[in-house]
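Peer 1: One structure, as structure tokens, below. Some questions next.
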Amino acid sequence: MHSTISLAARLSGDYPDLRFISGDEFRWDPEQKTIFYESTGEPAFLLHELSHALLDHDDYLKDVRLLEMERDAWEHAIFSLAARYEVRITEDLAQDALDSYRDWLHARSRCPRCSATGIQIKKYLYRCIVCRETWKVNDARSCSLRRYPLPTKNTRY
């Protein structure tokens, strides 16, 4: 089993077009072609972030697409990278990580007025199918979720 630091060193040799930088969280930055990783974190997460890079994941318009990209990155890490880099990735680990995104998506889609599940109509804009409330959300992947109700009469989308 590799430490995350030794795995990052090996990956930087195998993928010279990508940068690997120790930081305070695991994340892929497509603009900088940089994978940030926690030096004491689980190596599986480093392979997951590498998978985002190898799958050319950059941006998304609908939140459900982010969940799809997360799923695809875990599948790629498990089936294409784990054996090669001798990293054990359990289904439970991947599903727990995906659950955090499922919870995030559900929280964003909950109507601030009636708590029904709404639908996303633009990148940061949702609408309730029950009470017709419209609200904006912040990015909230690494900070607290905020939902801002909008005036229903004048909302255009």
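Peer 1: Among the residues of region 14-26, write down those that are touching a strand residue (DSSP E or B) at 6+ places or on another chain (Cβ under 7 Å) and free of Cβ contacts under 8 Å to residues at least 40 places away in the same chain. Give the steps one after another, and end with the answer.
Peer 2: Just the residues of region 14-26 that are touching a strand residue (DSSP E or B) at 6+ places or on another chain (Cβ under 7 Å), to begin with: 18-23, 25-26.
The answer is LEU18, ARG19, PHE20, ILE21, SER22, GLY23, PHE26.
Peer 1: Among the residues of region 62-75, is there at least one that is free of Cβ contacts under 8 Å to residues at least 24 places away in the same chain, out of contact with any strand residue (DSSP E or B) (no Cβ under 6 Å at 6 or more places or on another chain) and among the small types (Gly, Ala, Ser)?
Peer 2: No, region 62-75 contains no residue that is free of Cβ contacts under 8 Å to residues at least 24 places away in the same chain, out of contact with any strand residue (DSSP E or B) (no Cβ under 6 Å at 6 or more places or on another chain) and among the small types (Gly, Ala, Ser).
Peer 1: Can you name the number of the only condition in (1) polar (S, T, N, Q); (2) over 24 Å from ILE5 (Cα atoms); (3) at pLDDT 95 or above that SER80 fails?
Peer 2: Result: SER80 passes all but (2).
Peer 1: Moving to a separate point now. Of everything in region 114-124, what is surrounded by 17 or more Cβ atoms within 10 Å (Cβ to Cβ) and either within 17 Å of ALA44 (Cα to Cα) or free of Cβ contacts under 8 Å to residues at least 40 places away in the same chain (or both)? Give them in sequence order.
Peer 2: GLY118
Peer 1: Among (1) free of Cβ contacts under 8 Å to residues at least 24 places away in the same chain; (2) touching a Pro at 6+ places or on another chain (Cβ under 6 Å); (3) not β-branched (Val, Ile, Thr), there is one condition ASP58 misses while meeting the rest; what is its number?
Peer 2: Condition not satisfied by ASP58: (1).
Peer 1: Return yes when TRP74 is out of contact with any Asp or Glu (no Cβ under 6 Å at 6 or more places or on another chain) and of a type outside the set (D, E, K, R) and no when it is not.
Peer 2: Working: out of contact with any Asp or Glu (no Cβ under 6 Å at 6 or more places or on another chain): yes; of a type outside the set (D, E, K, R): yes.
So TRP74 passes the test.
Peer 1: Which one is surrounded by the most Cβ atoms within 10 Å (Cβ to Cβ) among residues in region 1-42 that are β-branched (Val, Ile, Thr) and over 19 Å from ALA73 (Cβ atoms)? Walk me through how you get there before you give the answer.
Peer 2: Keep residues of region 1-42 that are β-branched (Val, Ile, Thr), which gives 4-5, 21, 34-35, 40.
Now drop any that are not over 19 Å from ALA73 (Cβ atoms), which leaves 5, 40.
On the way: ILE5: 16, THR40: 9.
Result: ILE5.
Peer 1: For VAL87, all conditions in the list (1) β-branched (Val, Ile, Thr); (2) out of contact with any Leu (no Cβ under 7 Å at 6 or more places or on another chain); (3) closer than 20 Å to ALA53 by Cα hold save one; what is the number of the exception?
Peer 2: (2)
Peer 1: Residues ASP63, ASP59: which one is under 24 Å from ALA107 (Cβ atoms) and surrounded by fewer than 16 Cβ atoms within 10 Å (Cβ to Cβ)? Spell out how you get there, then give the answer.
Peer 2: On the way: ASP63 fails: surrounded by fewer than 16 Cβ atoms within 10 Å (Cβ to Cβ).
Result of the check over ASP63, ASP59: ASP59.
Peer 1: Pull out all pairs, ordered by first then second residue, where Cβ-Cβ is under 8 Å, the residues are six or more apart or on different chains, the first lies in region 77-94 and is over 11 Å from PHE45 (Cα atoms) and without any contact (Cβ under 8 Å) to a residue 60 or more places away in the chain, and the second is assigned to a helix (DSSP H, G or I) and not hydrophobic (A, V, I, L, M, F, W, C).
Peer 2: Taking only residues 6 or more apart or on different chains, the pairs are SER80/SER51; LEU81/SER51.
The values are calculated or read from the model by the stated rules, or taken from the named source; none is laboratory data. Not measured: the values here are computed from a predicted model. Note: ideal-geometry Cβ built from the backbone for every residue, glycine included; neighbour counts use all protein chains shown.
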